[in-house]
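For reference, the structure discussed in these notes is given below.
Just so it is clear, none of the values below were taken in a lab; they were calculated from the coordinates. Quick caveat: nothing in here was measured; it's all calculated off a predicted structure. FYI the Cβ positions are ideal-geometry reconstructions off the backbone, even for glycines, and counts take in every protein chain you see.
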Amino acid sequence: MVDRHPQINTYHTKCNILYYRSRIYLLNNTKSSETTLQLSVNHTVIPSIVSAMCADKVQRKPLRLIAAACNNMGIGQNGQLPWHLPTEFKFFLDTTTNVSQPGRMNMMVWGRGCWFSNPDSLFSMLPNVLHVVLSTTLSTVPEHAHFLCQDFDSGVSLALLQPLCDLVETIWVVGGPQVYQEALMHPWCDLVYLTDIMADFHCDVFFPQFDRSIFRKQERFPGVPNEIQEENGVTFKFEVFKREICGAE
C-alpha cells in the first residue's frame, strides 16, 4: 500500500535562484511496523545562495559531523578506509539514518571526492537521507545524489527552505577534510561524533584539528556505547564532542 505525501511543488525562492520539483512517497513496509521513505527527485543543481535566507522564519537545524580517525587523526587512504570495522560502520548507518518520527528525513553533506570514493551499494543503506554533494567543477548532479551545491553554506541552507525545512531533522556532514573544517566553523554545528581508532594506520587524508575547549568530550552520551570496542584486532571507542560555546549568530 502506498500513501502519497503531499507533492513538493515547483518552488522558487524569493531570490529566484532555486528551482526544483520532487515527489515524496511514504511506503508502508508490509513486513514490519516501520515506515520507510523513498524519494524521487529531479536532479537539481543549486548555485550559491544566501545562507541566512528564510532564517527569520525557520528554526536552525542540528548540524553534526561524523567520522572515525586513527592515532594521527587519519581518516582515509586512497579514497578508502584503512580499517575494516563492521561494528563501527553499523554505528555510522544507525546514527545518520535515525529520525524521531516516521516521515522525517536527514540530510547528508558530502564533498565531491568523498562522494565518489564510496560504492553505489552504500546509498541503498541510507533510505531516509537526502544527499547533497558539494562541488565547483561538476555541472550535473551525481547518480544517487539529490542536490549539487557549489559551496557549504548553500548546501546547508537547503534545510531552511520549504518544503525541506519541514522534512529535514538533522544535517550530517561526512567529509572530506575541507567540508569538515567548514562544518566545525558553522554556528549550527553542535556535535562531533568522532570514533577513536586506537591504532596507527598510514593515511593521506586527515580529520581537521578542532578546539577541544569549545567542543568538549562527553563522558557519556545517549545512544552511544561507552565501552572500548575491539574488532579484527583493532580497538576503538565511540566518542562525542559537544559544543559548549555557541557560535556567532
Phi to ³J(HN,Hα) by Karplus 6.51 cos²θ - 1.76 cosθ + 1.60 over the stretch 109-121, Hz, x for Gly, Pro: 9, 10, x, 4, x, 5, 4, 6, 7, 9, x, 4, 4
Backbone HN-Hα couplings from phi across the stretch 170-182 [Karplus 6.51/-1.76/1.60, Hz, Gly and Pro as x]: 9, 9, 10, 9, 10, x, x, x, 5, 5, 4, 4, 5
Gap separating the Cα centres of the stretch 195-249 and the stretch 67-127, nearest whole Å: 15 Å
Long-range HN-HN contacts of Val173 with modeled amide H, under 5 Å: Arg64, Leu65, Ile66, Val109
For the stretch 43-243, the fraction of alpha-carbon pairs in successive 10 Å shells from zero, as %: 8, 36, 39, 15, 2, 0
Length released on extending from Thr137 to Phe89, taking residue separation times 0.36 nm less the Cα-Cα span: 14.3 nm
Spin-label pair Asn78/Leu122, simplified geometry with 7 Å Cα→Cβ offset, distance in nm: 1.7 nm
Packing-based order for 76-89, 179-192, using average beta carbon neighbours within 10 Å, highest first: 179-192, 76-89
